[in-house]
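Presented below is the structure to which this report refers.
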């Protein structure tokens, strides 16, 4: 007996067996659902007192059966289809109450890119036999549509649904999606487009927007483009998705319409939150810390900086290795995947911990050597002038002017990752001026990874 999903509490073994028998049904590929299958589902729905749902592939095979509504029907994982392709699955369920498609139905359609979402009203006839009422059908809206996320047909009699060629309709929709994506690819270039997600838990709109503006600048420095910004106000972060399920749906809709394939959260996400958001959105998910570490990886020059960046990346990623989806594969490239440690994350935890131990020893050695250098400057007769401040505030440019130096200075966050000290001259010191040591430091920012 094949597995039945959903709300099975209180179901008798005979009822579960009847549900399992739905797997034996076949539907003509061009039809959304056959009358025989819909009637069998309706009989079971009346017997169980709850909706019955099936998932049908394009060959007309029933691949999932569930007692309950669309949200109780698990979907198979995505198999790497192109963005312009739909999932190749239609979800059909029978409703005991009239009312058409629910918000949960439409959200499932959109997030999972189903071919069709079909709901059929069911009522008991005069002798208790099921009667099929109106059929409700919805499809994903292409980016060029006036509708935001889905297109809902007017309710129709079941006989009309039987006569429609759904494969022809799905093929036309996929062609339209493909044209839209080709046009977008021409416009977008090679830069990653991201939706930024901020959270206000009482800090106030000015502080929250300031954090989002800072995140936008971080993304730009990492090589990305801000496609859209979303700011959610909550009394406390949601334990599963940070911003709540409803806001997450809004974020996915924005990403779809703005041609973005990346979500960047202003707060640090726990490993469980990252996995939950990635699973719900089917998009690549990063947080502020990952963007900062990516910038560090791009700008790390010299052995010292590279060792410290690799150590920070591995310490951050180690607890997040379990259950990572294809969207966050280190082989996928892009923001959040660069740096000396990018191939290390594909090996097992034991080897990563061994690498961490070796890096920590290297960092200790570097720290001791730098500490000795600082002692010499601290106890020496030459004054030290350190340039400190916010990242990208112009410290390196000022340092070059004061010390007649040529360290890297550009309009980007964290272009400087290693303090640099050079000798310079201050004419104001003493009667004839005197030598000083100028030090260019790494800038600071909110929530800098420790």
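Could you check, for segment 196-214, whether at least one of its residues is free of Cβ contacts under 8 Å to residues at least 12 places away in the same chain and closer than 23 Å to residue 114 by Cα? Among the residues of segment 196-214, not one is free of Cβ contacts under 8 Å to residues at least 12 places away in the same chain and closer than 23 Å to residue 114 by Cα, which makes the answer no.
A residue that is modelled with pLDDT of 85 or more and part of a loop (DSSP other than H, G, I, E, B) cannot be found anywhere in segment 118-128.
Residues in segment 266-285 that are outside any helix (DSSP H, G or I) and within 9 Å of the chain's Cα centre (by Cα) were compared, and the one that is surrounded by the fewest Cβ atoms within 10 Å (Cβ to Cβ) is 282. Restricting attention to segment 243-265, the residues that are at pLDDT 90 or above, in contact with a strand residue (DSSP E or B) (Cβ under 6 Å, 6 or more places away or on another chain) and either within 21 Å of residue 292 (Cβ to Cβ) or crowded, with 18+ Cβ neighbours inside 10 Å (or both) add up to 7. The set of residues in segment 195-211 being surrounded by fewer than 19 Cβ atoms within 10 Å (Cβ to Cβ) and under 25 Å from residue 298 (Cα atoms) consists of 210 alone.
Assigned by TED's automatic domain parsing to the domain that holds residue 27, in contact (Cβ under 8 Å) with a residue 60 or more places away in the chain and not in a helix (DSSP H, G or I): which single residue out of 94, 137 fits that description? Write out each step before concluding.
Numbers: 94 fails: in contact (Cβ under 8 Å) with a residue 60 or more places away in the chain.
Step by step, each of 94, 137 is checked, and only 137 is assigned by TED's automatic domain parsing to the domain that holds residue 27, in contact (Cβ under 8 Å) with a residue 60 or more places away in the chain and not in a helix (DSSP H, G or I).
The residue pairs whose first member lies in segment 43-65 and is outside the structural domain of residue 30 (by TED's automatic domain parsing), whose second member is in a strand (DSSP E or B) and modelled with pLDDT of 95 or more, and whose beta carbons are closer than 7 Å, counting only pairs six or more residues apart or on different chains, do not exist in this structure.
Quick grid of which residues meet (1) surrounded by fewer than 16 Cβ atoms within 10 Å (Cβ to Cβ); (2) within 30 Å of residue 137 (Cβ to Cβ):
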| position | (1), (2) |
| --- | --- |
| 178 | yes, yes |
| 181 | no, yes |
| 192 | no, no |
| 213 | yes, no |
| 227 | no, no |
| 233 | yes, no |
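Listed here are the residues, each with its yes/no results for (1) at pLDDT below 70; (2) in contact with a strand residue (DSSP E or B) (Cβ under 6 Å, 6 or more places away or on another chain).
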residue	(1), (2)
341	yes, no
345	yes, no
353	no, no
358	no, no
363	no, no
372	no, no
378	yes, no
382	no, yes
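Just one of the listed residues (173, 132) is in contact (Cβ under 8 Å) with a residue 12 or more places away in the chain, over 30 Å from residue 278 (Cβ atoms) and touching a strand residue (DSSP E or B) at 6+ places or on another chain (Cβ under 7 Å), namely 132.
The values are calculated or read from the model by the stated rules, or taken from the named source; none is laboratory data. All figures in this text were calculated on a predicted structure; none of them were measured in a lab. Don't worry about glycine lacking a Cβ; one is built from the backbone with ideal geometry, like all the others, and counts go over all protein chains shown.
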